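Student: Below: one structure in structure tokens.
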Amino acid sequence: MKYDFLTTRRDGTVEHLTLNRPDVRNAFNEYLGHELTHWAEAITVDEEVRAVVLDGAGKVFCAGADLAWMAKMAAYSHEENVRDATAMAHLFYTLDRLPVPLIGRIHGAALGGGAGLAAVCDIVVADDQAVFGFTEVKLGIVPSVISPYVLTKIGVSAARELFLTGMRFDAARAREIGLVHAVVPIADLGARVAEYVREILSAAPDAIATSKELIRKVWGRPAQDTLGITADTIAARRASAEGQEGLKAFLEKRKATWNVSQ
Ligand code: COA
């Protein structure tokens, strides 16, 4: 599929995905949403990709939902509104479950759904001048489809403060509440992202995917309910070809086969 509002670039096993509507600060409407969903569903079957870096073209990362599109939805029936919103909910769900690590490279601003995109990233690096916010209530709407992923990242207390006020906050605060992992001057964004990519490429791809799934399965459950899942997961892993290769490589003092220089 040819994309109009996304650009993609493959660098070895790393996919670079860029939101590309800079005139409206990469706000996403139904078309960008559709393209992103198509991309995310395609990547799940592409075993060549070991990491994805998501960024935004132009001045800022993402200004969230396209407010002109939101306003237009008033003319649609309730069923059409639900169908459209369900597609957006499905987009965030699919991105959240991407089997490869998704790294957010955030500059300028991540507001509304843009901050929601940060929440579905596994690792987020932000420019120290970037501004964040769940600004929806300022616009009379609600951070609805992003809420499961944001709550998982920042918790109920910060969400009550930030969802209910719609206030904007800086990158340091975003890091404090767990939405962002590293904050650097904008000139160092690329280098910091590259460091994370290097770490990922020196780790086993299937073990990474299984770890991501494990986090989702274990989080929020009482420990006694996780005994089966956690035992089965490590039992399968250590006997797998990849697990055996990693353990042998360590004992033989050599690099495992999945190490590639990038
Ligand atoms: N939806 C639609 N258009 C948007 C948009 C959005 N979410 N955010 C920005 N734009 C448009 C502006 O209307 C403007 O259009 P114009 O050139 O036709 O006037 C253009 O993008 C540039 O916006 P501007 O505000 O001048 O850019 P900036 O670089 O000074 O500021 C932001 C960037 C992101 C800080 C600012 O645009 C902003 O706060 N946007 C609203 C974000 C928001 O609250 N999103 C929540 C959505 S749920």
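Student: Name the GluC sites (Glu not before Pro) in the range 195-262 that are in a loop by DSSP and that have at most 12 other C-beta atoms within 10 Å, would you?
Tutor: Numbers: sites: Glu195, Glu199, Glu213, Glu242, Glu245, Glu252; in loops: Glu252.
Here the sparse-neighbourhood loop sites are Glu252.
Student: Then there is this: Which residues make up the longest stretch of the chain clear of chymotrypsin sites (Phe, Trp or Tyr not before Pro) that lie in a DSSP loop with no more than 12 other Cβ atoms within 10 Å, not counting the sites? Before the final figure, lay out the partial values.
Tutor: Numbers: sites that count: Tyr76, Trp219.
With a cap of 12 other Cβ atoms within 10 Å, the longest stretch comes to 77-218.
Student: Here is a follow-up. Express in nm, to one decimal, how much length is gained between Ala256 and Thr165 on full extension, taking 0.36 nm for each residue of separation and deducting their alpha carbon distance.
Tutor: Details: separation 91, 0.36 × 91 = 32.76 nm, distance 4.94 nm.
Stretched out fully, the Ala256 to Thr165 stretch lengthens by 27.8 nm.
Student: Please tell me which of these pairs span more than 28 angstrom C-alpha to C-alpha: Lys2/Lys255; Lys138/Lys217; Lys59/Lys153; Lys2/Lys72? List each step's numbers first, then the result.
Tutor: Working: Lys2/Lys255 39 Å; Lys138/Lys217 35 Å; Lys59/Lys153 26 Å; Lys2/Lys72 26 Å.
Going by Cα-Cα distance, Lys2/Lys255; Lys138/Lys217 fall outside the 28 Å limit.
Student: Can you give the local net charge around Glu41? Use residues other than it whose beta-carbon is closer than 15 angstrom to its beta-carbon, Lys and Arg +1, Asp and Glu -1. If you can, show how the numbers build up before the last one.
Tutor: On the way: positive: Arg97; negative: Glu15, Glu35, Asp46, Glu47, Asp96.
Value of the local net charge: -4.
Student: Helix-derived [θ] at 222 nm for the chain: sum -39500 (n - 2.57) over DSSP H runs of at least 4, divide by residue count, nearest 500? Present the calculation step by step, with values, prior to reporting the outcome.
Tutor: Working: 10 runs with 123 residues, N = 262.
It lands at -14500 deg cm²/dmol.
Student: Same structure again: Could you tell me whether the range 118-170 comes out rounded, prolate or oblate from its Cα gyration tensor? Rule is a ≥ b ≥ c as square roots of the eigenvalues, rounded for a/c under 1.5, then prolate if a/b exceeds b/c, otherwise oblate.
Tutor: Details: a/c = 1.76, a/b = 1.22, b/c = 1.44.
It comes out oblate by the Cα gyration axes.
Student: Quick query: amide H of Val183 versus all other amide H atoms, modeled in the peptide plane; which residues come in under 5 Å with a sequence gap of 5 or more or a different chain?
Tutor: Ala126
Student: Taking the Cα centre of each part, how many Å lie between the range 1-55 and the range 92-161?
Tutor: Here the two parts' Cα centres lie 17 Å apart.
Student: Place +1 on the Cβ of every Lys and Arg and -1 on the Cβ of every Asp and Glu in the range 6-200, take the dipole about the Cα centre, and give the residue among Val52, Thr18, Gln129 whose Cα lies farthest towards its positive end.
Tutor: Looking along the dipole axis, the top candidate is Gln129.
Student: Given the Cα atoms of the chain, and with Rh set as the inverse mean 1/r over their pairs in the Kirkwood sense, what is Rg to Rh to two decimals?
Tutor: A ratio of 0.99.
Coordinate-derived values only; no laboratory data. The model shown is predicted, which means the values in this text are computed figures rather than measured ones. When we count neighbours, we look across all protein chains shown, and the Cβ atoms used for this are built from the backbone with ideal geometry, even at glycine.
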